[in-house]
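Working notes, structure below.
Since every read-out is calculated from the coordinates, none of them should be taken as a lab result. Everything quoted here is computed from the prediction, not taken from an experiment. Virtual Cβ from ideal backbone geometry, glycine too; neighbours counted across all protein chains shown.
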Amino acid sequence: MTTPRSTTSMRTHLCGDLRPEHIGQTVEVCGWVGRRREHGEHLAFVDLRDHSGVVQCVVDNDVDVRSEYVLRITGVVRERPEGTVNDQLPTGEVEIGECKVEILRKADPPPFPIDARADDVDENLRLQYRYLDIRRERMQENLRIRSTVNTAIRQSMVEQGFVEIETPMLVPSTPEGAREFLVPSRKEPGSFYALPQSPQLFKQLLMVAGVDRYFQIARCLRDEDLRADRQYEFMQLDLEMSFVSQDDVMAAVDESVLAAAEAVTGERPPSIERMTWHDAMNRFGIDKPDLRFGMELVELTEVFGATEFKAFAGAEAIKGIKVDGGAEEYGRNQLDKLTDRAKSLGAKGLVWLKATDDGFDSPVAKFLSDGEVAAVKAAMDVATGDLVLIVADEWMATCEVLGTLRNDLGRPPVHQGPYRYLWIVDFPLFVGVDPETGQPKPGHHPFTSPHPDDLDMIDSDPLSMRSLAYDLVLNGWELGSGSIRIHEPELQRRVFGWLGISEEEAERKFGFFLNPFDYGAPPHGGFAYGLDRLVAILAGEENIREVIAFPKTQSGADPMTNSPIEGDERIVAELGLRILPRVD
Ligand code: ASP
């Protein structure tokens, strides 16, 4: 990537910019001492580093400069002597000689080397000294990719007629399903604001307010367990549009995502393909399929339609995946582990078959008829030496277990392979039934519009009802989701009814949000996608922490600021709170 070029009153060039074309010029550069190596009796090599890169400077040996000292060096760019050119370094053909060194600030020895990629430096240490960690090339690059993505998205949204509007950080609770952070009110002890899980309610109200197209690069906060793709605080491109269909929203999102990808990679990805939720589950066993690799789930229910094998007989869905050439690679021990994994995911069991020239080698081979063996081989295009894994269960369980195994066994690392963007459409309106209340559980938030063609299915087959909700997926990561919203009070009342939310409860919880709709809500819909995730994938990072300047650790702590810290007693009391003893 290119870095902005900047001359200031203290420097004429950036360290990383010097090339043979500068030979003979007197230059001034500023930066940190990377490495220092003695060079003969009188001289030393100093690698001077700024955000753009490193340049070698030849200084007098008696100049006392050490790692991470901040220097300003004035000198003459010259060709490196024969045999000392470093072709790993963009500035490797030149060096700065005749150096006058000015120490701008001395530095303590850093707790870890700044020049290395630091993969082996303990992450807690990196986060404790994040300001040093960010000096490293990799973090500089990641943060710059992030800035490029932000700029491209903002530009794309403005070009598409969206208006950037900020929404509040102190909000009432919103019904999006995640646990919220609460902020106690000093003026009204005992009352709390929530920090926004997303600007959902406000962006919809902006549609009632006639804004037509809103966007915000919004900070969202969710008090959930942290993972590789999850932080308490994260950034989303949040948008909402009026008088639109699902296709209009998806087109606007496409434009911004593809513009961001192009800004980083230099290449505009092809238009984004679509898949229904049902197809995604059926073929990949997950609602965020990683299309960078095959290993699709193969339908075998009919193959075993008349089977005598008890574990398969009568199962609602039987499917298999194939690991090409996996028979030798997976020994008994690993297969036992895979079976345990399948069981821990909810499967009753896992059948493995190793393909031989004339059949399958497997503990269950004797229960399979010749016809079944041949049919499995044909359906899955099995060759000798392949490993086949089969699950027989309810449709959802079969899909989910095999989908997880497929990812476990086949998924390439984040930095590998092409970018495969994918829209998942036609999500189910409900995701099962709450066993305690008997009410269906919403798949998205309760303001999501049911699919208009499915409204009559509420009594006959509610779990097959679709919604107008859609997700954007990139290489197996869910980038974001959105929906067409309900804008008619009658339909909203019906949906609340289906979800077991009484009129009083709806009024109490969402009255402030829904009553404004009576003043004329336009049909509208929107979307939000996670910038941290998009940037991580574009930067080839497995963890979003690598693309966030100051993230929290897995346990939610910030080792640099030592937060969270105990509340000051006086302030806690002023907020009308009392802290109970910890129960660990
Ligand atoms: N607010 C939703 C989310 O953050 C996105 C949307 O429906 O627009 O996932």
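Over the range 517-565, the ratio between the Cα radius of gyration and 2.2 N^0.38 Å evaluates to 1.85. Using only the C-alpha atoms, the convex hull of the range 434-569 corresponds to 220 Å³ per residue. Taking Cα atoms of the range 265-312, Rg/Rh with Kirkwood Rh, to two decimals? Rounded to two decimals, Rg/Rh equals 1.20.
Compare the peptides 99-109, 293-303, 18-28 by average per-residue count of other Cβ atoms within 10 angstrom and give them in order, highest first.
Values: 99-109: 12.9, 293-303: 18.0, 18-28: 14.9.
Ranked from most to least packed, the peptides come out as 293-303, 18-28, 99-109.
When each of 179, 292 is scored by the number of other beta-carbon atoms lying within 10 Å, the sequence from fewest to most is 179, 292. Each distinct pair of alpha carbons in the range 175-232 adds a 1/r term; the inverse of their mean, the Kirkwood radius, is 13.4 Å.
Quick one: pull the percentage of alpha-carbon pairs in the range 268-375 with a separation above 17 Å. More than 17 Å apart: 63 percent of the Cα pairs in the range 268-375. When peptides 329-340, 403-414 are ranked by their average number of other Cβ atoms within 10 Å per residue, the highest-first order is 403-414, 329-340. Using θ = phi - 60° in the Karplus curve 6.51 cos²θ - 1.76 cosθ + 1.60, the 3J(HN,Hα) couplings for the range 35-48 round to 10, 10, 10, 5, 9, x, 7, 10, 10, 9, 8, 10, 8, 9 Hz; x is entered for Gly and Pro. Counting neighbouring Cβ atoms within 10 Å and putting the fewest first, the residues 444, 39 line up as 39, 444.
Sorting 445, 524 from the fewest to the most surrounding beta carbons within 10 angstrom yields 445, 524. Dividing the convex hull volume of the alpha carbon atoms of the range 349-484 by its residue count gives 184 Å³ per residue.
Alpha-carbon geometry of the chain: the Rg and the Dmax are 29.5, 90 Å, given in that order.
Only DSSP H runs of four or more residues enter the estimate; each adds -39500 (n - 2.57), and after division by the residues of the chain the mean residue ellipticity at 222 nm equals -8000 deg cm²/dmol.
Can you bin every Cα-Cα distance in the range 420-465 into 5 Å intervals starting at zero and give me the percent of pairs per bin, rounded to whole numbers? Percent of Cα pairs in each bin: 5, 20, 27, 25, 12, 6, 3, 2.
For the range 486-536, taking the reciprocal of the average inverse distance between every pair of different Cα atoms yields a Kirkwood hydrodynamic radius of 12.9 Å.
Bridges between two residues of the chain, per DSSP, are antiparallel at a rate of about 95%. Working from Cα pairs under 8 Å separated by at least six residues, relative contact order for the range 75-200 is 13 percent. As a ratio to 2.2 N^0.38 Å, the alpha-carbon radius of gyration for the range 1-145 is 1.03.
Applied to the range 211-226, the Karplus parametrisation 6.51 cos²θ - 1.76 cosθ + 1.60 on θ = phi - 60° returns per-residue 3J(HN,Hα) values of 6, 6, 9, 10, 9, 7, 8, 9, 8, 10, 10, 9, 8, 10, 4, 7 Hz, with x for Gly and Pro.
Using only Cα atoms, tell me the angle between helix 395-410 and the longest principal axis of the chain; keep it within 0 to 90° and round to the nearest 10. Its long axis makes an angle of about 30 degrees. For the chain, the relative contact order is 14 percent, taking Cα pairs closer than 8 Å that sit 6 or more residues apart in sequence and dividing their mean separation by the residue count.
For the pairs 100/552; 319/552; 322/343; 343/441; 322/552, note any where the Cα-Cα span goes beyond 30 Å. Too far apart for the 30 Å limit: 100/552; 319/552; 322/552.
Shape index of the range 168-275: Rg/Rh, with Rg the Cα radius of gyration and Rh the Kirkwood radius from the inverse mean 1/r over Cα pairs, equals 1.05.
Among the chymotrypsin sites (Phe, Trp or Tyr not before Pro) in the range 108-208, those placed in a DSSP loop whose Cβ has at most 16 other Cβ atoms within 10 Å are 181. Averaging over all projection directions, the Cα-based convex hull of the range 77-124 occupies 5.7 nm² in the image plane. Centroid-to-centroid, using Cα positions, the range 344-400 and the range 444-477 are 33 Å apart. Across the range 322-337, computed HN-Hα scalar couplings (Karplus, 6.51 cos²θ - 1.76 cosθ + 1.60, θ = phi - 60°) run 10, 9, 4, x, x, 4, 7, 5, 9, x, 4, 4, 5, 5, 5, 5 Hz from first to last residue, x flagging Gly and Pro. Sorting the segments 516-523, 536-543 by their mean number of nearby beta carbons within 10 angstrom, highest to lowest, gives 536-543, 516-523. Working value for the range 59-192: equivalent-ellipsoid semi-axes of 47, 23, 16 Å, each the square root of 5 times a Cα gyration tensor eigenvalue, largest first. Based on C-alpha pairs under 8 angstrom that are at least 6 apart in sequence, the range 412-496 has a relative contact order of 32 percent. Over the range 450-520, the pair-distance histogram of Cα-Cα distances with 10 Å bins from zero comes to 17, 39, 32, 11, 1 percent, rounded to whole numbers. For the range 325-374, the Kirkwood radius over C-alpha pairs fed into Stokes-Einstein at 4 °C and 1.567 mPa s yields D = 109 µm² per second.
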